[in-house]
Structure formats: C-alpha cells, structure tokens
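The values are calculated or read from the model by the stated rules, or taken from the named source; none is laboratory data. It should be emphasised that the depicted structure is a prediction, and the values quoted were computed from it without experimental measurement. Cβ atoms come from the backbone with ideal geometry, glycine included; neighbour counts cover every protein chain shown. Remember, those area values only see protein heavy atoms, side chains included, never the ligands or the DNA or RNA. Shrake-Rupley method; radii C 1.70, N 1.55, O 1.52, S 1.80 Å.
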Amino acid sequence: MPATEDHAVEDHAKGRIITDAPLSRPVPVALRYDPDAAPATVRFVFPGNIEWSFPRTLLETGMRAPARRGDIGIWPCGRVQTIVEFHTADGVAVVQFDSTALVRFLRHTYAVTASSSTR
C-alpha cells in the first residue's frame with residue numbers, strides 16, 4: 001500500500017472498458033483515498049487525468065449489490081468482478097474490475113482511517 005506522510009492511499013488497478021466491440025480494452029486506474037482531505041470519498045483516476053470522486057460507502061455497497069448515486073453505478077458481476085458505470089453528458093463508460101483489487105483498496109483505506117484515528 002503506497003501511502004504518503006499525510007496517510008493518503010494510492011493503489012493501482014487494471015480495469016476493462018466494456019463496449020459493444022468484440023474485445024474490451026484494458027485501462028490503468030489509480031485508486032485514491034485521502035482521509036485528511038475527504039474522509040468519506042474515494043477517487044478513481046483514469047489516463048488523461050479523468051477523475052471520478054464518489055462516496056466510499058457507494059463502492060462498499062456496490063460490491064455486494066447494485067448501488068447507484070448520481071452519475072455512478074456499481075454492481076457485482078459474478079463472484080470475482082465488479083462493474084463501475086460512469087455517466088456523462090456524452091454517454092456512459094462501463095469499466096469492469098477484478099473485485100480483489102477493489103477489496104484490497106478498501107482494506108487500505110480502512111487501515112489508514114484506523115491509524116489516523118489512533119494518532
């Protein structure tokens with residue numbers, strides 16, 4: 001878990017952009033959490049500095065059952081994958097993640113939150 005002095009977390013995951021094309025495209029995603037700046041928020045940063053921020057509880061809930069808040073929808077896809085759907089005025093981006101990467105990220109955010117509360 002890479003973490004800076006201010007206890008921010010940055011993990012990396014590979015997502016797969018799902019389209020109508022026969023093959024999906026892999027995309028690297030930085031998963032970020034900064035309890036000092038926004039303790040209830042996680043951020044997913046895509047290439048080109050495209051960033052989506054949303055409540056950590058949405059990610060937690062969406063990994064177990066379909067959940068939606070605003071422009072973000074999250075739901076489990078089978079036993080090992082999670083779908084995150086991002087809505088914009090231009091359309092929808094659907095990205096599939098291995099759930100283990102998201103669980104690992106959430107665990108890192110919990111660990112930092114616990115350690116910062118004991119300071």
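Values computed for the structure shown
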quantity	calculated
Surrounding net charge for residue 97, when Lys and Arg each add one and Asp and Glu each subtract one, Cβ distance under 13 Å	0
Residue with peak Gaussian network fluctuation, the chain [Cα springs, cutoff 10 Å], from 109, 19, 88	88
FRET efficiency, residue 23 to residue 61 (Cβ-Cβ, R0 25 Å, nearest 0.05)	0.25
Among [x] 22, 17, 13; [y] 25, 14, 14; [z] 41, 16, 7, the entry that matches semi-axes √(5λ) of the Cα gyration tensor in Å as calculated here	[y]
Listed peptides 34-42, 54-62 by packing density, highest first (mean Cβ within 10 Å)	54-62, 34-42
For the stretch 38-90: rounded, prolate or oblate by the Cα gyration tensor [a/c cutoff 1.5]	prolate
Largest-first ordering by accessible area, 1.4 Å probe, given options 107, 68	107, 68
log₁₀ of I(q)/I(0) at q = 0.15, 0.25 Å⁻¹ - the stretch 1-66, Debye sum with one point per alpha carbon	-0.57, -1.18
Long-range amide H partners of residue 81 with built H, under 5 Å	99
In order through the stretch 69-85: 3J(HN,Hα) via Karplus (6.51 cos²θ - 1.76 cosθ + 1.60), integer Hz, x for Gly, Pro	8, x, 8, 10, x, 9, 7, x, 10, x, 8, 10, 10, 10, 9, 10, 10
Where a label projected 7 Å from the Cα of residue 113 along Cα→Cβ would reach, residues of the stretch 38-68 with amide N under 20 Å	38-45, 52-68
Residue-averaged [θ]222 nm for the chain, counting only DSSP H segments that reach four residues, each worth -39500 (n - 2.57)	-7000 deg cm²/dmol
Using θ = phi - 60° and Karplus 6.51 cos²θ - 1.76 cosθ + 1.60, couplings along the stretch 31-45 (whole Hz; Gly, Pro as x)	9, 10, 8, 10, x, 6, 8, 8, x, 9, 10, 10, 10, 10, 10
Computed lengthening from residue 38 to residue 50, 0.36 nm per intervening residue step minus Cα-Cα distance	2.5 nm
